[in-house]
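Take a look at the structure set out below.
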Amino acid sequence: MDNIEHYFIPSFSEQLLLKRKKIKRQLLEQQMDWLDVRVAILGGSTTHDIKDVLELFILHYGIRAEFYESGYNQYWQDVMFENEELLNFKPDIIYIHTSNRNIVGYPRLSDSKEAVDKMLLTMYKHFSDMWERIEKKYSCIVIQNNFEYPYWRLQGNREATDYHGTVNFITRLNLMFAEYAQEHEHFFY
């Protein structure tokens with residue numbers, strides 16, 4: 001059997017994706033007491049490659065998963081509206097994969113501080129309402145990724161310090177998510 005340890009370094013290479021079927025087969029051939037879990041991946045973008053890589057990493061640690069994947073950008077609808085398929089799946093873990101593209105509005109330079117703060121609270125509530133619904137409906141672990149910074153910085157370094165900046169807005173939203181995680185035992189961020 002190939003030594004597959006080198007694929008599981010923190011900065012894994014594209015080789016992991018290229019050889020994922022072979023690696024998965026080798027991992028499943030191992031004799032171990034598997035921990036079986038059901039993982040729902042609710043995405044704000046395409047999640048197929050994320051699922052494939054996640055599956056390899058958790059198999060490497062003795063966890064065998066069955067997956068549910070939401071449709072493209074259906075993460076919120078899958079939770080907030082009746083979804084028999086997800087309900088019948090009975091997830092042990094729900095992973096919400098979103099990106100900064102799922103933030104529906106950013107501050108404009110003409111916005112007041114109060115308007116920006118309100119926009120921030122509205123975006124936070126969009127997510128916290130969803131997390132609360134997951135807790136009530138599915139009683140499972142929730143993993144929410146953080147929002148990455150945008151590639152562009154129209155205001156340069158002021159993006160981080162000016163309350164109109166997207167970097168500032170994303171940082172503040174990420175901090176609100178982190179505070180939620182500190183207050184909720186089954187929520188990881």
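Take the residues in the stretch 39-52 that are in a helix (DSSP H, G or I) and surrounded by 15 or more Cβ atoms within 10 Å (Cβ to Cβ), then tell me which one is modelled with the highest pLDDT. Quick ask: steps written out before the conclusion?
We begin by selecting, within the stretch 39-52, every residue in a helix (DSSP H, G or I); these are 48-52.
Subset that is surrounded by 15 or more Cβ atoms within 10 Å (Cβ to Cβ): 50-52.
Working: ILE50: 91, LYS51: 95, ASP52: 92.
Taking the candidates together, the pick is LYS51.
Only one of these is out of contact with any Gly (no Cβ under 8 Å at 6 or more places or on another chain) and within 22 Å of PHE188 (Cβ to Cβ): TYR124, TYR106. Name it. Walk me through how you get there before you give the answer.
Numbers: TYR106 fails: within 22 Å of PHE188 (Cβ to Cβ).
Testing whether each residue is out of contact with any Gly (no Cβ under 8 Å at 6 or more places or on another chain) and within 22 Å of PHE188 (Cβ to Cβ) leaves just TYR124.
Being modelled with pLDDT of 95 or more and in a helix (DSSP H, G or I) narrows it down to one residue among ASP36, ASP78; which is it? Before you say what the answer is, go through the steps one by one.
Values: ASP36 fails: in a helix (DSSP H, G or I).
Going through ASP36, ASP78 in turn, the sole match is ASP78.
Which ones in the stretch 69-112 are at positive phi and open to solvent by less than 100 Å² (accessible area, probe 1.4 Å)? Write out each step before concluding.
Here is the first cut: in the stretch 69-112, the ones at positive phi are 73, 90.
Answer for the stretch 69-112, where residues must be at positive phi and open to solvent by less than 100 Å² (accessible area, probe 1.4 Å): just ASN73.
Restricting attention to the stretch 64-99, which residues are in contact with a Leu (Cβ under 9 Å, 6 or more places away or on another chain) and among the hydroxyl-bearing types (Ser, Thr, Tyr)?
TYR68, SER70, TYR75, TYR95, THR98
Could you check how many residues of the stretch 56-68 are part of a helix (DSSP H, G or I), free of Cβ contacts under 8 Å to residues at least 40 places away in the same chain and open to solvent by 20 Å² or more (accessible area, probe 1.4 Å)?
Initially, the stretch 56-68 is screened for residues part of a helix (DSSP H, G or I), giving 56-60.
Remaining after also requiring free of Cβ contacts under 8 Å to residues at least 40 places away in the same chain: 58-59.
Then keep just the ones that are open to solvent by 20 Å² or more (accessible area, probe 1.4 Å); that gives 58.
Qualifying residue count, the stretch 56-68: 1.
The values are calculated or read from the model by the stated rules, or taken from the named source; none is laboratory data. Predicted, not measured: the structure shown is a model, and the values here were computed from it. Cβ sites come from the backbone with ideal geometry, for glycine too, and all protein chains shown count toward neighbours. When the accessible area is computed, the model is the full protein with side chains, heavy atoms only, and any ligands, DNA or RNA have been set aside. Shrake-Rupley method; radii C 1.70, N 1.55, O 1.52, S 1.80 Å.
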